[in-house]
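Below is one structure; the comments refer to it alone.
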Amino acid sequence: MAISQKLLNDGESVVISTRTHPKALLLPVLALVVLLALGVAVQVLVDQPVVTLVAWVLVALGVVSYVVRPVLVWATASYTFTNRRLITRTGVLTRRGHDIPLTRISDVASELGIVDRMLGCGTLIISDASTHGSVRLPDIPHVEDTQRRLNQLLNELDHSGHDGS
C-alpha cells in the first residue's frame, strides 16, 4: 500500500499511508453471494443445459462487474501524507493523482456516521487554498487518529516557518 519511493522528492518522507476502509468491500461480497446463489438456484431448478450455461455466463459477467471491478478500485486507491504534501492515487487502467502541498491546507475535518463509528472509519475532509475548495477522502480507517496526526504535522510546519524541507 505504501507509495513508491520514486514518487517522493528529496528529503520527503511518508508520515501516513492508507486506503479506503475494507467496509467498501461489503457490497461486493454481498453481490458475490447473491450472484452465486442465483447461479446455483438456476442449475438446480432448471434441467436445461443451455439455460444453465447462460445463467452461469450472466453470473460471471455480474461477478466481474459487481465484485472484481470494485475490489480492484479499492486495492489500487491510496492516500499518502508526507512531510510536505497529500498524495492521492486512484484508478485501475487509468491512474489519477492529486497532490496538495501541506502548506496549502487550511482546514482538516472529519465526518463519522453511526456505521463509521462502529467500524472505526470515517470521511476526512481537507480544505485547501485553491479553487477546488476541498478534497473528501471517504472511509479512512482510524479517521480521528489520522486527523490528529495531520493537524500535528500542519502545526509543526507552521512553527518551523518553512515547507518541511
**Asked** Between R96 and T52, what is the FRET efficiency for a Förster distance of 45 Å, r being their Cβ-Cβ separation, to the nearest 0.05?
**Response** 0.65
**Message:** 7 Å from Cα along Cα→Cβ at both L30 and L119: what's the point-to-point distance in nm?
**Reply:** 1.0
**Rg/Rh for the range 1-64, where both radii come from Cα atoms and Rh is the Kirkwood radius** = 1.39
**Complete:** With all protein chains present and a 1.4 Å probe, the order of V44, V29 from largest accessible area down is V44, V29
**Asked** Based on DSSP H assignment, which helices of the chain show an axial Cα extent of at least 27 Å together with a mean Kyte-Doolittle hydropathy greater than or equal to -0.5?
**Response** 26-45
**Fill in**
Row for the range 92-136, column shape: gyration tensor on C-alpha, a ≥ b ≥ c, rounded if a/c < 1.5 i.e. under 1.5, prolate if a/b over b/c, else oblate; value oblate
**Request:** Give a quick list of GluC sites (Glu not before Pro) in the range 100-156 that DSSP marks as loop, anything other than H, G, I, E or B, with at most 16 other Cβ atoms within 10 Å.
**Result:** none
**Prompt:** Which order do D158, D47, D145 take by accessible area at a 1.4 Å probe, largest first?
**Reply:** D47, D158, D145
**Item:** Cα Rg over Rh - the chain, Kirkwood
**Value:** 1.15
**Asked** Which distance in nm do the two modelled labels at L45 and L72 give, with both placed 7 Å along the Cα-to-Cβ direction?
**Response** 3.2
**Asked** How far is the Cα center of the range 41-70 from the Cα center of the range 13-32, in Å?
**Response** 27
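The values are calculated or read from the model by the stated rules, or taken from the named source; none is laboratory data. Quick caveat: nothing in here was measured; it's all calculated off a predicted structure. Reconstructed Cβ throughout: ideal geometry from the backbone, glycine too, with neighbour counts over all protein chains shown. Remember, those area values only see protein heavy atoms, side chains included, never the ligands or the DNA or RNA. Shrake-Rupley method; radii C 1.70, N 1.55, O 1.52, S 1.80 Å.
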